[in-house]
């Protein structure tokens, strides 16, 4: 085997290429001018694929249904800050409770999708009624989820099932409860201040870096911030010579997201994954407005979300929640 070949995780490379091929239909919605629906398509594919791969098709379809209903209810509630905050809180509560079966860290995109739907409702048909947009978005969610679940089922037959790490009910309820309260309050503020995608990014950061344990949260926060700062610079370097051309930005984003997927699947440090994920997302989202402004806003939103997550961390410490590692060790795992 060549030196180059030994440095490349071929299994992770193949898996990342498969994942990108699944997401490609959603990414192609961006140059067509319906990039807001693109986010829901990508999230739906990820939810269906991951759950089908880790558990089975039936559970995947159940969660795809919940994902679809949650986003449609969030869409209807989005103009009203308090109902929207309640919808977000309920979505986060159900998400947090999946920690009990070890699924939470894999499906964080589900509550994140609700955050984006609330903060900036994806209007696919600008001159049509709300009911028409809800119908189209529902179709997008279902098609995406079933597409991902089908792929996850097929691929799952050829790979061994992963053993999910179960967490005790005490830690699960404390984690889910704290996250529910915080995300509900933040969502209300996002709605009142009309922060749109910047607010959604704050919520996304909170959801991703908040872990059921002090040390795990600190590591996630530090990795997220480091990867975001490096990714901020990379986004500028890639975007400047492309001069806002939507097709070029989409192709560049596909490459960056593909690299991010490979780094994640090959077990590289989380900050490296975020380094390529950040510019990939910035190019997709900022291509229709301003890449530079989007890049800067993503950094600030990530910092705010990280600070809020640290506050949650101290709250959890104050009420005595144990690290997940310690809990699993105590259970003999």
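Bear in mind these aren't lab numbers, they're just calculated from the coordinates by the rules spelled out. Worth saying up front: this structure is predicted, and the values here are computed from it rather than measured. FYI the Cβ positions are ideal-geometry reconstructions off the backbone, even for glycines, and counts take in every protein chain you see.
Below are the figures for this structure:
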{"quantity": "Anisotropy class of segment 63-161 from Cα gyration tensor, a/c 1.5 cut", "calculated": "oblate"}
{"quantity": "Separation of alpha-carbon centers, segment 252-318 and segment 46-62, rounded to whole Å", "calculated": "25"}
{"quantity": "Three-way shape call for segment 142-203 based on the alpha-carbon gyration tensor, with the a/c threshold at 1.5", "calculated": "oblate"}
{"quantity": "Label-point gap, in nm, between residue 255 and residue 165 - each point 7 angstrom along Cα→Cβ", "calculated": "3.6"}
{"quantity": "Residue exposure sequence - 113, 222, 301 - by fewest surrounding Cβ within 10 Å", "calculated": "222, 301, 113"}
{"quantity": "For 194, 56, 223, order by how many other beta-carbon atoms lie within 10 Å, fewest first", "calculated": "194, 56, 223"}
{"quantity": "Anisotropy class of segment 102-213 from Cα gyration tensor, a/c 1.5 cut", "calculated": "oblate"}
{"quantity": "Which of 255, 51 has the fewest Cβ neighbours within 10 Å, and the rest in rising order", "calculated": "255, 51"}
